[in-house]
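Below is one structure, written out as structure tokens, with a few remarks after it.
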Amino acid sequence: MTVYIVGAGPGDPELLTLKALKLIREADVILYDELIGDDIKELLKKESRAMLVDVGKRSGKHRKKQEEINRLLVEYGRKHEKVVRLKGGDPFVFGRGGEEIEILAENKIEFEVVPGITSAIAVPAYAGIPVTHRRFDPALIFITGKQERERLNWDALARLNATIVMLMGVSSLKENAERLIKHGKSPDTPVAVIEKGTTEKQRVIKGKLSDIAEIAEREKVEAPAIIIIGEVVEVHETVRDYLRNLRTP
Ligand code: SAH
């Protein structure tokens, strides 16, 4: 009777950890998110004998609310030997894994956490963008484009000399880019938007803080996408011809 809170990585099944794959094979029940992506959903069908429960949530058409997911975790956690809660990326990076383990503890259900490769770092990496580089900003910040960003000190953020990685930021890109410029970030700061990173459908769209929202709109960028703001984006240009990620060997 253990619930495993497992990160599935950013979409490429080869970025699953050995531990995640082992648990997928051994699980009695797997509750998975939309964000794990089509290739990992396929892998579940092939590799797992578990009861598969799709609790995928998409902003707009919420399929199952977090409260419902919590309820299911407790219910299955009491009934089954091995329950896997499979989440996109890392469960604790803007993934509500923190809430899930609190609920499990409150209900006296034992759990284990299996970290995953977060899209915040791996998606830029697949596009040849190192999130840190000695030549550029000395800090790295992860932020959400969702409501919670209102609590952010934008003034401090714009002045911080930090590379900014924004998750869940597609729909609020225009607003947030304008806000950063207003608070003093250079309009010429390079920005990359990487859609469906690490999958066959990956797209990299680039611009500057001043025009990225317009470009992303023209290109009809959709979630999930990682937005990376900072000089490190320029590395993409330098290395792209030699980058073999997502290319057949
Ligand atoms: N826990 C996850 C993040 C959940 S928040 C992680 O660690 O990766 C959901 C956001 O993650 C999306 O809005 C998007 O910004 C980002 N994301 C997740 N997978 C992605 C992918 N394959 N490509 C681009 N962005 C992705």
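Just so it is clear, none of the values below were taken in a lab; they were calculated from the coordinates. All of these numbers come straight from a predicted model, not from anything done at the bench.
Under a Gaussian network description of the chain, with springs only between Cα atoms under 10 Å, the residue in I226, I30, I181 that fluctuates furthest is I181.
The antiparallel fraction among DSSP beta bridges confined to the chain stands at about 40%. Excluding same-chain neighbours fewer than eight residues apart, the lysines reachable from K46 by a Cα-Cα span under 20 Å are K19, K22, K82, K87. Between K87, K196, K79, the Gaussian network model of the chain with springs among Cα atoms under 10 angstrom shows the greatest mean-square fluctuation at K79.
Here's the list of lysines a cross-link from K208 could span, going by alpha-carbon distance under 16 Å and ignoring same-chain residues fewer than 8 apart: K174, K182, K185. At q = 0.10, 0.11, 0.14, 0.17 Å⁻¹, what is the base-10 log of I(q)/I(0) for the chain according to the Debye formula with one equal point scatterer per Cα and no solvent? Please give it to two decimals. For the chain, the Cα-only Debye profile gives -0.51, -0.61, -0.94, -1.23. Note on the chain: helix-only mean residue ellipticity at 222 nm, from DSSP H runs of 4+ residues weighted -39500 (n - 2.57) and normalised by residue number, equals -8500 deg cm²/dmol.
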